[in-house]
Amino acid sequence: MEITHRFVRVNGIRLHIAEAGTGPLVLLIHGFPECWYSWRHQLTALARAGYHVVAPDQRGYARSDRPANVEDYTIMHLVGDVVGILDALGEERAVVAGHDWGGGVAWHTALLRPDRVRGVIGLSIPYLPRTPAPMTPLMRVGLGDGYYMLYFQKPGVADAELSRDLYDTFRRVLYAPSGDGPQGGSMVVPEGGGFLDLCPDPEKLPPWLTEEDIDVYVTEFAEAGFTGGLNWYRNLDRNWALTAPWHGVPVRAPALYIVGDRDMTLGMLPAEPVSARAVPDLREMVMLPGCGHWTQQERPDEVNDAMLRFVGSLD
């Protein structure tokens, strides 16, 4: 099944999309620091099953446009891009799946525009209801100024660190939080250090990740760098303010949640990551033994089966 590439004009910017197949639309939203390629296994598998599968590079990433202003990366812009892609494709509704930061976009698309979402799939990141106070002050109190999301707040710092050696960055970042990486560990950047200090260099790549995969990520980020993706983190408090009208509102779309039992995010979540009150139509929660953070790349077969089972139930 061939994966093709093109650009669509959305909300005044140009977004690159990878797509395969024909049929009902399934939109795949990547996280940080990823791109369309992180969905390579799902693009072909879902297309073979009779779906039109589209994986965009989100704004700020890889081949898509990278607006200059930090304020152009709010959750409203990101959800607006999802809606704009549906419009560009001539589709009224889609199943929207997201991993990591893309999970936040998928859940918020279902929250803010339920009329455009047939179903929502979150990988790694569950739906996180709006907190009672802005995010970054809560992080400083609970985790300290060195917490990696706070380290990402200062313009230019993490941008330069991650761009210094793309090959080294992707080897470390893709290995460390995976199911093959070191279990546990702190997400607090050491004083005077950087984010990559939290990511040991693997002696060898895990079986799910090849040198060719690393080369693709290096090529995709060679021009784009990381500032666009980091700007998403720099809108955490702005997103909190913008979503005030939806405080306490549940995501009512049919939902699936997939997470690895070695995913670092589980340690930051409640014992029941998805509550019935927040997502009343959660159809299934799939826990993948031995899987880390890069869910759909580490365990493509299990993820594909779960996604197809869920999407098929909506037909």
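Scanning the stretch 1-31 for residues that are open to solvent by 50 Å² or more (accessible area, probe 1.4 Å) and either touching a Ser or Thr at 6+ places or on another chain (Cβ under 8 Å) or not acidic (Asp, Glu) (or both) turns up MET1, THR4, HIS5, ARG6, PHE7, ARG9, ASN11, GLY12, ARG14, THR22, PRO24. Considered as a group, the residues in the stretch 119-135 that are open to solvent by less than 30 Å² (accessible area, probe 1.4 Å) and not in a loop (DSSP other than H, G, I, E, B) include one that is nearest to GLY267 (Cα to Cα), and that residue is LEU123.
Do you know which residues across the stretch 32-68 are open to solvent by 20 Å² or more (accessible area, probe 1.4 Å) and over 13 Å from the mean Cα position of the chain (by Cα)? Passing the criteria: ARG40, HIS41, THR44, ARG48, ALA49, GLY50, HIS52, ARG63, ASP65, ARG66, PRO67, ALA68.
Taken over the stretch 265-286, residues that are open to solvent by less than 80 Å² (accessible area, probe 1.4 Å) and either assigned to a strand (DSSP E or B) or touching a His at 6+ places or on another chain (Cβ under 6 Å) (or both) amount to 4. Just one of (1) part of a helix (DSSP H, G or I); (2) under 19 Å from the mean Cα position of the chain (by Cα); (3) surrounded by fewer than 22 Cβ atoms within 10 Å (Cβ to Cβ) fails for LEU138. It is (2). Here the condition is being open to solvent by 10 Å² or more (accessible area, probe 1.4 Å), more than 26 Å from ILE121 (Cβ to Cβ) and in contact with a Cys (Cβ under 8 Å, 6 or more places away or on another chain); of ARG164, ARG172, it holds for ARG172 alone. I'd like to know if the stretch 49-70 contains one or more residues that are touching a His at 6+ places or on another chain (Cβ under 6 Å), over 26 Å from ILE214 (Cα atoms) and not small (Gly, Ala, Ser). No, the stretch 49-70 contains no residue that is touching a His at 6+ places or on another chain (Cβ under 6 Å), over 26 Å from ILE214 (Cα atoms) and not small (Gly, Ala, Ser). The residue that is surrounded by the most Cβ atoms within 10 Å (Cβ to Cβ), counting only those in the stretch 80-94 that are of a type in the set (D, E, K, R) and under 21 Å from the mean Cα position of the chain (by Cα), is ASP81.
The values are calculated or read from the model by the stated rules, or taken from the named source; none is laboratory data. These numbers were taken from a predicted model, which means no experiment stands behind them. When we count neighbours, we look across all protein chains shown, and the Cβ atoms used for this are built from the backbone with ideal geometry, even at glycine. The area values use the complete protein model at the heavy-atom level, side chains included, leaving out ligands, DNA and RNA. Shrake-Rupley method; radii C 1.70, N 1.55, O 1.52, S 1.80 Å.
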